[in-house]
Amino acid sequence: MDQLDAMRLFVRVAELESFTRCAEQLGIPKATLSAAIRRLEERMGTRLLLRTTRRVQLTTDGQLCYARCRDLLADMEEFDGLFRQGGQISGQLRVDMPSRMARHLVIPALPAFLAQHPDLQLMLSSTDRRVDLVRDGFDCVVRVGALEPSSLVARPLGHYRQINCASAAYLARYGVPQTLADLAGHRLVHYGSGQGRSDPGFEYQQADGSRALLPMAGALMVNDSETYLAAALAGLGIIQMPRVGVEGLLGRGELISLLPRWQAPPLPIHALYAHRRQLAPRVQLFIHWLADLLAGALAGESEPAAP
């Protein structure tokens, strides 16, 4: 095993804080992993990791080595692709994003993207659960909604404009609300996570741009965007979600847009990745491609009808 391989293993152990998890994730024996790290420490002439029964921690020298290793590995990856035929991007790229974005926006466009980059292997995780980019081994993740404080680099990709909507069957039963006061007689499907909103209420943007929340009753809370939409189609209540991806349902009358004067604030979209001096070319490529893809989709959004 060469020094670059040992550096890659060291970086993953440091990020996962576990020899066991690293060995399982990479599919190598734990003894092989431990031996590689031990040889790297001998070569460096210092202790890089402190091993305890509960976790693995970086020493002071290990923290410096970790930062340098990440930069060196990124530089080597970029250098490795300089003289390939046509500058072809290669390697494995691990990305996580919300399920509806993956299903309705990214997957339909992937055949053309992967045809342009045949040496790239994409591992796409699509879930509304908030994964840990570092510990779960992702190169980048896409987040919709307000970001939590972190050391990750956030690249803005645009905003999802939201709409209020409900099924025709629901509105036939409860009536079509015309004002915020009318919502007292309606139900809201509550969303637990994934869109940056977990408050049990109807969210809307006031004239000054500030966010307001109107408490509303509801018998159901979900934490997945597909389930959220299915609940609305089943007549369980009003939902608030990005317009992108539901235009067909609106056009066919399966969903009806409501209260256009009281829409929830737009949801920011970001690509997040770990801080490093030189971002891997394959990650840069994917983020640029996704930014262009979103720009085209968001530019095609139709304006809401006047109240």
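Quick notes on this one:
- Pairs where the first residue, in the stretch 214-235, is within 18 Å of ARG173 (Cβ to Cβ) and touching a residue at least 60 places away in the same chain (Cβ under 8 Å) and the second is open to solvent by 20 Å² or more (accessible area, probe 1.4 Å) and among the small types (Gly, Ala, Ser), C-beta under 9 Å, 6+ apart: LEU233/ALA169; ALA234/ALA169; GLY235/ALA168; GLY235/ALA169; GLY235/ALA172
- Odd one out for LEU213, checked against (1) in a strand (DSSP E or B); (2) among the hydrophobic types (A, V, I, L, M, F, W, C); (3) within 22 Å of GLY158 (Cα to Cα): (3)
- Unmet requirement for ALA102, which otherwise passes all of (1) farther than 25 Å from ARG243 by Cβ; (2) open to solvent by less than 40 Å² (accessible area, probe 1.4 Å); (3) part of a helix (DSSP H, G or I): (1)
- Of residues in the stretch 194-209 being open to solvent by 50 Å² or more (accessible area, probe 1.4 Å) and acidic (Asp, Glu), the one modelled with the lowest pLDDT: ASP199
- Odd one out for VAL134 among (1) exposed (fewer than 15 other Cβ atoms within 10 Å of the Cβ); (2) farther than 19 Å from LEU267 by Cα: (1)
For (1) at pLDDT below 95; (2) within 30 Å of ARG68 (Cβ to Cβ); (3) not hydrophobic (A, V, I, L, M, F, W, C), each residue gets a yes or a no:
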position: ARG211; (1), (2), (3): yes, no, yes
position: MET216; (1), (2), (3): yes, no, no
position: ALA219; (1), (2), (3): yes, no, no
position: VAL222; (1), (2), (3): yes, no, no
position: LEU233; (1), (2), (3): no, no, no
position: GLN240; (1), (2), (3): yes, no, yes
position: VAL246; (1), (2), (3): yes, no, no
position: LEU272; (1), (2), (3): yes, yes, no
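- Considering the conditions (1) in a helix (DSSP H, G or I); (2) open to solvent by less than 50 Å² (accessible area, probe 1.4 Å), ASP292 is excluded by exactly one of them, (2).
So that you can scan it fast, the table gives a plain yes or no per residue for (1) modelled with pLDDT under 75; (2) surrounded by fewer than 17 Cβ atoms within 10 Å (Cβ to Cβ); (3) part of a helix (DSSP H, G or I):
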position: ALA67; (1), (2), (3): no, yes, yes
position: PHE79; (1), (2), (3): yes, yes, yes
position: ASP96; (1), (2), (3): no, no, no
position: PRO108; (1), (2), (3): no, yes, yes
position: PHE113; (1), (2), (3): no, yes, yes
position: LEU124; (1), (2), (3): no, yes, no
position: ARG130; (1), (2), (3): no, yes, no
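- Residues that are in contact with a helix residue (DSSP H, G or I) (Cβ under 9 Å, 6 or more places away or on another chain) and open to solvent by 10 Å² or more (accessible area, probe 1.4 Å), drawn from the stretch 170-189: TYR174, GLY175, VAL176, THR179, LEU180, GLY185, HIS186, ARG187
- Strands (runs of 3 or more DSSP E) fully within the stretch 227-287 that include at least 3 residues being within 26 Å of the chain's Cα centre (by Cα) and surrounded by fewer than 22 Cβ atoms within 10 Å (Cβ to Cβ): 267-273.
- The stretch 1-40 - residue that is hydroxyl-bearing (Ser, Thr, Tyr) and part of a helix (DSSP H, G or I) and, of those, surrounded by the most Cβ atoms within 10 Å (Cβ to Cβ): SER34
The values are calculated or read from the model by the stated rules, or taken from the named source; none is laboratory data. Model, not experiment: these values are computed from the prediction. Counting neighbours? That spans all protein chains shown, and the Cβs are built from the backbone with ideal geometry, glycine included. Ligands, DNA and RNA are excluded from the accessible area calculation, which covers all protein heavy atoms including side chains. Shrake-Rupley method; radii C 1.70, N 1.55, O 1.52, S 1.80 Å.
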